[in-house]
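The values are calculated or read from the model by the stated rules, or taken from the named source; none is laboratory data. Only a predicted model underlies this, so the values are computations on that prediction, with no experimental measurement involved. Cβ: placed from backbone, ideal geometry, glycine included. Neighbour counts: every protein chain shown. Protein only, heavy atoms only, side chains kept; ligands, DNA and RNA dropped before computing areas. Shrake-Rupley method; radii C 1.70, N 1.55, O 1.52, S 1.80 Å.
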Amino acid sequence: MVAPMPIRFDAIVIGAGQAGPSLAARLTAAGRTVALVERKLFGGTCVNTGCTPTKTMVASAYAAHQARRSAFYGVTLNGPVSVDIKAVKARQEAISGKSRANVEGWLRGMQNCTVYHGHARFESAHEVRVGAELLTAEQVFLNVGGRAAIPDLPGIHQVKYLTNTSLLQLEVLPRHLVIVGGSYVGVEFGQMFRRFGSDVTIVERETRLVPHEDEDVSAAVKDILENEGIHIRLRAECINFEPRGEDVAVGVNCQSDETAVVGSDVLLALGRRPNTDDLGLERAGVEVDAHDYIVVDDQLRTRAPGIWAMGDCNGKGAFTHTAYNDFEIVAANLLDNDPRRVSGRLPAYALYMDPPLGRVGLTEEAVRRSGKPALIGTRPMTKVSRALEKGETEGFMKVLVDAGTKQILGAAILGTGGDEAIHCILDIMYARAPFTTIQRAVHIHPTVSELIPTMLGDLKPLS
Ligand SMILES: Cc1cc2nc3c(=O)[nH]c(=O)nc-3n(C[C@H](O)[C@H](O)[C@H](O)COP(=O)(O)OP(=O)(O)OC[C@H]3O[C@@H](n4cnc5c(N)ncnc54)[C@H](O)[C@@H]3O)c2cc1C
């Protein structure tokens, strides 16, 4: 039998996450033919199981929390506050479903773009199989993202567990949700489900929550969660699982006979792993590192000529905005003769607990490690009039400045509006302007941002 002729395109894009669809749009607009392959849900993690559904649910949790605090605001509510998890799920699915349909409709209606719905696998460096079809192109762009990591912990396969994906499908509120992993995803879900009405315990192996942040940030996050009745078990150096009737016992210590945490449901929030194990990368000569991330250079080229990798699968970022920026870098290099690079990007992200944490640049710990002469400024949210007026005074802000250049090295705003206010610091860092530029800007009253110049007026040497 004669093998079918491969279908020829100028480019193949694998994955309809945060970078692939936008790149397909730029390439097709430039007159190139593109095959875009998506194996599951258009829009990828962010739209379907990450940012969009979780931030929609965080909004429901915030509404419940504020309703319970209504008397504080002089608002009378007749009766207890409860949460209808099915209605929360329906709202989340409606918003995320619309976004998913928009991405799919956009791609299917794109001139010169052919959409394939199936799993893509390399046959060779420039040939990709999708089911019965063989596609070929000079250029291949990988945007395959990642999934929840399921480490091989003792007993894990003997119990039922949830991930960020399956948790979104719950139609019954967990009686007691045990979250294994106290970093960004675990903290967001923990506060959310506590506010929905579940008992929540967060089990974390390290000595503090969100261990990539500074100690004062971790401590403030812990206080906020504990004040809402969340149990936190740190230094759980030996996590294991065992069925206990209908429940699951999560063991936290192998040496002592410390009681296990018994929950009705367990969420694993132990990090992510890239979707690179089932792509046939070895046939294409694409190299991965020790953690299976695709090795790329500063302009996102893999080690195989004509193949690029964008988004979570390259390990250079773990956010929607970094994946989208990867698309911008590749498009600028290929289509605009603009040599943009990943190294031009500043680290910035938010933790969407309430109040949120907005972060940019270096932590205080990293500045100390660098040995650079630096200045530090801090301000509690109790001294921010907007926070007082809103009745949301938890948290603080902090900024680190290079003592020599006067440029801002990093900042954290854990407080109401912190995810938005951080951008005035981020933009000044991109402008490479000294901190005095912000000090001379007249900010709007009353906002959280208006206290950033005040904080900068009170810098002290980092001792
Ligand atoms: C619970 C949670 C909350 C989050 N919240 C935020 C947030 O608030 N802000 C933020 O910036 N980031 C957030 N993130 C991270 C964000 O979702 C990801 O960084 C982002 O989605 C990465 O985009 P991507 O394009 O790299 O990959 P993805 O969005 O994962 O897309 C990859 C696509 O490739 C497809 N694919 C994979 N392999 C193949 C194959 N072989 N063939 C065909 N198709 C394939 C997948 O089906 C998927 O659709 C969150 C993540 C989680 C888990």
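Relative to the Cα centre, what is the charge dipole magnitude of segment 210-328, using +1 at the beta carbon of each Lys and Arg, -1 at the beta carbon of each Asp and Glu, and rounding to the nearest 20 debye?
Numbers: 10 positive and 25 negative charges, 82 e Å.
So the magnitude is around 400 debye.
Rounded to 0.05, the FRET efficiency of the residue 207 and residue 366 pair, given R0 = 22 Å and the Cβ-Cβ distance, is 0.80.
Would you calculate a helix-derived [θ] at 222 nm for the chain, using -39,500 (n - 2.57) for each DSSP H run of n ≥ 4 and dividing by the full residue count, to the nearest 500?
Rounded to the nearest 500, it is -9000 deg cm²/dmol.
If the Kirkwood radius is taken over C-alpha pairs of segment 321-463, then at 10 °C and 1.306 mPa s the Stokes-Einstein diffusion coefficient equals 99 µm²/s.
Mind checking the per residue accessible area of the chain for me, 1.4 Å probe, whole number of Å²?
Working: 21170 Å² over 463 residues.
For the chain, the per-residue accessible area is 46 Å².
Between helix 215-227 and the chain there is an angle of about 70 degrees, using the helix long axis and the longest principal axis of the Cα atoms.
Pop a pseudo-label 7 angstrom from the Cα along the beta-carbon direction at both residue 407 and residue 442 and give the gap in nm to one decimal. Using points 7 Å along Cα→Cβ, the separation is 3.0 nm. Using only the C-alpha atoms, the convex hull of segment 105-163 corresponds to 166 Å³ per residue. Each listed q (0.16, 0.19, 0.25, 0.33 Å⁻¹) maps to a log10 I(q)/I(0) for segment 42-86 from the Debye sum over equal C-alpha point scatterers, namely -0.55, -0.66, -0.87, -1.11.
Shown for the chain: cysteine residues without a partner Cβ closer than 4.7 Å, namely 113, 313, 424.
Once you have the alpha carbon radius of gyration of segment 375-431, what is it after dividing by 2.2 N^0.38 Å, with N set to its residue count?
Details: Rg = 12.2 Å, N = 57, 2.2 N^0.38 = 10.2 Å.
The reported ratio for this selection is 1.19.
Distances between every pair of Cα atoms in the chain, grouped in 20 Å steps from 0 to the bin holding the largest one, split as 22, 51, 26, 1 percent.
At 1.567 mPa s and 4 °C, plugging the Kirkwood radius over alpha-carbon pairs of segment 12-144 into Stokes-Einstein gives what diffusion coefficient in µm²/s?
Numbers: Rh = 17.2 Å.
Translational diffusion coefficient: 76 µm²/s.
Apolar share of the accessible surface for the chain: 52 percent from carbon plus sulfur atoms, 1.4 Å probe. Under 18 Å between alpha carbons, and skipping anything fewer than 8 positions from residue 89 in its own chain: which aspartates and glutamates qualify? In chain and number order, the partners are 171, 188, 265. Charge tally around residue 4: other residues with Cβ under 15 Å, Lys/Arg +1 each, Asp/Glu -1 each, net -1.
The charge dipole of segment 1-148, taken about the Cα centre with unit charges on the Cβ atoms of Lys, Arg (+1) and Asp, Glu (-1), comes to about 600 debye, rounded to the nearest 20. Taking the longest Cα principal axis of the chain as reference, the axis of helix 51-68 is set at about 20 degrees. For the chain, the share of DSSP beta bridges that are antiparallel, to the nearest 5, is 60%.
The Cα atoms of segment 177-311 cover 54, 36, 31 Å along the three principal axes, with the biggest extent listed first. Relative to the longest principal axis of the Cα atoms of the chain, the long axis of helix 85-108 lies at roughly 30 degrees.
What is the magnitude of the charge dipole of the chain about its Cα centre, with +1 placed on the Cβ of each Lys and Arg, -1 on the Cβ of each Asp and Glu, and no other charges, expressed in debye to the nearest 20? Provide the component values of the computation, followed by the final result.
Working: 49 positive and 54 negative charges, 181 e Å.
Roughly 860 debye for the chain.
Between 76, 63, 90, the Cα set farthest toward the positive side of the dipole of segment 50-124 (charges on each charged residue's Cβ, about the Cα centre) is that of 76. Each Cα pair under 8 Å and six or more residues apart adds its separation to the average, and for the chain the resulting relative contact order is 13 percent.
Cross-link pairs exceeding 21 Å between alpha carbons, from the set 372/460; 55/98; 222/460: 222/460.
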